[in-house]
Amino acid sequence: MKVFSITNNKGGTGKTTTTLNLGAALSQKGFKVLLIDLDAQCNLSIAAGFKNSLHHIGELLVGESTFEDTIIKGKYMDLLPSSRLLLSFEYRLNVEPDSGYFLKEQLEGKEYDYVLIDCPPSLGTFTINALVASNYFIVPIQGENFAYVGLDEILQLCTKIKKRMNPNIKLGGILMNKYDMRTKFSQMVYAKLLENTDITLYKTNIRQDVSLMECTAFSKSIFEYAEDSRGATDFKALCEEVLLQN
């Protein structure tokens, strides 16, 4: 089982879109995929078509529900859903010893090929749980002003987690999202990332595509909504890169 955290402490960078559609691309390859929604906004749960659930990931982590009771089985992928109440569980986790390991413990022994975690736009307890449980982390950023906001903080946090809690975690890559090579900001951000030899940059860029925005509104992956779109092409290419990493 390979676990990927999709994380950026800046909102609106495409974490949910990346989690859903990379998961769908892996599922199309025949892999058994689990999605985890750790964001109280519940965007992944809604985008994946699961708007109502009896239990959520917060309850699972504090021991109020079991994995079997929390998991939602989908046609192509399974989901551990979020809840608008999720933030109220963060304090309860914080007062527990070794609270950063709770998600890792829940995933041990589970029969999935890939687990993709949609992290909240913060570097708090839920993101730490995700990173401690992960083999890789992916950081989506956009080719726009302030694209670098928070990137150093994420990399520093992951360095600390690698040293203290999860020696196996690696940077899967920085992913350029909503990429438009015609804009100067996109060109500038991409060039700056290429110059940085300390990071890995995915060769695949997720280009601007209205279908990627529309598909989540209709609770479908890009492959279900517009299989011939640029977005579908790009996520297939990203999937191939991810498969080469492990």
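Some values worked out for this structure:
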item: Convex hull projection area averaged over all views, region 47-167, Cα basis, nm²; result: 8.7
item: Above-threshold pairs, the threshold being 18 Å between Cα atoms, out of K203/K236; K73/K220; K10/K160; K15/K178; result: K10/K160
item: Per-pair calculated FRET efficiency, R0 = 25 Å: D113 and K203 via Cβ, rounded to 0.05; result: 0.65
item: Alpha-carbon centroids, region 100-129 and region 137-207: separation in whole Å; result: 20
item: Cβ-defined net charge surrounding C119, 15 Å radius [Lys, Arg +1; Asp, Glu -1]; result: -2
item: Trypsin sites (Lys or Arg not before Pro) restricted to region 1-99 and DSSP loop, no more than 12 other C-beta within 10 Å; result: K51, K73, K75, R84
item: Considering only the chain, percent of DSSP beta bridges that pair antiparallel, nearest 5; result: 5
item: Summed side-chain charge close to T200 - residues other than T200 whose Cβ falls under 13 Å, Lys, Arg +1, Asp, Glu -1; result: 0
item: Three semi-axes of the equivalent ellipsoid, the chain, Cα gyration tensor, whole Å, largest first; result: 27, 22, 16
item: Residues D228 and Q156, FRET efficiency given R0 of 51 Å [Cβ-Cβ distance, rounded to 0.05]; result: 0.80
item: Theoretical gain in end-to-end length, S219 to F185 [0.36 nm per residue, Cα-Cα removed]; result: 9.2 nm
item: Per-bin percent of Cα-Cα distances, region 174-246 [10 Å]; result: 19, 43, 31, 7
item: Sparse-neighbour loop sites [GluC sites (Glu not before Pro); region 29-129; at most 13 other C-beta within 10 Å; DSSP]; result: E108, E111
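No lab work stands behind these numbers, since they all come straight from the coordinates. Because the structure is predicted, anything quoted here is derived from the model rather than measured. Note that each Cβ is placed from the backbone with ideal geometry, even for glycine, and that neighbours are counted across all protein chains shown.
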